[in-house]
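Computed from the coordinates by the stated procedures, all read-outs in this text should not be read as laboratory data. It should be emphasised that the depicted structure is a prediction, and the values quoted were computed from it without experimental measurement. Please note: Cβ atoms are built from the backbone with ideal geometry, for glycine as well, and neighbour counts cover all protein chains shown.
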Amino acid sequence: MTTAFDYPRFELGEALTPEQIAHFQRWGFLHFKNFISAERVERLIAATRNVERQWVDANVEKVNGVPIKYGRDLDGRKIVQRFAFANQYDAELAEFLKDPRFKTLFALIGSADARVGADEKDGLVVNHYVHGPDSEHSRLGWHTDGLRDIFLGSRLNPLLNVGVHLSNLGIEHGGLRLLPGTHQQSLWQFLFRKRYFRDHEPDIDEVAIIPAAGDLTVHDGRLWHRVAQSTVSGEASRRRVMYIPVISGAYAPKHAQSATPFYQRLAKFAK
């Protein structure tokens, strides 16, 4: 059974400390406490609900070529469970991506063209997990975020996946599980260590990320990770997290006519 490994939690200041950089280089992730206030958490949740109303009413299937994952809430109501480019549909979310503190993380990429991918990759992704009878999004199998670059035929550019957590979690609520250090693996291990999205089993070496609402996490795009299903069901299982890509390389914005990448067809296995 996975336990909450006692990894260090940090505070994000005006610059990353040598200790924080060293931890990221060795293990491939960082966890920062109290990145945003409880009041900001509620504003961001309200903003995602605003986007959800727009999409449910308009029956939006894709945004910039990225499929939207719908499900049913505990009362049977249709909800969005995975948003893409949510920042393009709400001013509060768009403004949040301009927070200057995200630039502090650019040092982890070490590239002059590092940036927040507001209109690249999948933009601002919001995951709304709930473990109920009609949920379509209660867990996510093992994967790396860098896979998309391989499928798109490009080199594996540095990528950070920055998580802003909107729920208080315990080990029983499932959530992010990481394999520390796998950002330094070989290409063979990157491609075949696990079966992408189909493998869900706990790994003896995995670390459970246990955030409080308002915390920020960041992990290297080459790091193997999964989202564990909550062991409790109903309202107690509900959790929300936003993911922001910090990227480098050639600018590649998505637009309404963008094709759906092949790798996203694997999403049908992500249940």
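FRET efficiency for the residue 250 to residue 103 pair, using the beta carbon distance and R₀ = 25 Å, is estimated at 0.80. Beta-bridge orientation, the stretch 1-142: approximately 90 percent antiparallel, per DSSP, counting only bridges with both partners inside. The loop-placed chymotrypsin sites (Phe, Trp or Tyr not before Pro) in the stretch 7-69, going by DSSP, include none that has at most 12 neighbouring Cβ atoms within 10 Å of its Cβ.
Pop the C-beta distance of residue 136 and residue 26 into the FRET formula with R0 = 51 Å and round what comes out to the nearest 0.05. Result of the calculation: an efficiency of 0.90. Normalised by 2.2 N^0.38 Å, where N counts its residues, the alpha-carbon radius of gyration of the stretch 71-135 equals 1.45. Per residue, the Cα convex hull of the stretch 104-242 amounts to 124 Å³.
For the listed peptides 62-73, 196-207, a ranking on the average number of other beta carbons within 10 Å per residue, highest first, reads 62-73, 196-207. Shown in residue order for the stretch 245-255 are the 3J(HN,Hα) couplings computed by the Karplus curve 6.51 cos²θ - 1.76 cosθ + 1.60 at θ = phi - 60°: x, 10, 10, 8, x, 4, 5, 9, x, 9, 8 Hz (x for Gly and Pro).
Rounded to the nearest angstrom and listed largest first, the equivalent-ellipsoid semi-axes of the stretch 152-212 from its Cα gyration tensor are 25, 16, 11. Taken over the stretch 28-168, the ratio of Cα radius of gyration to 2.2 N^0.38 Å equals 1.11. The three principal axes of the C-alpha atoms in the chain carry coordinate ranges of 47, 43, 39 Å, sorted with the longest axis first.
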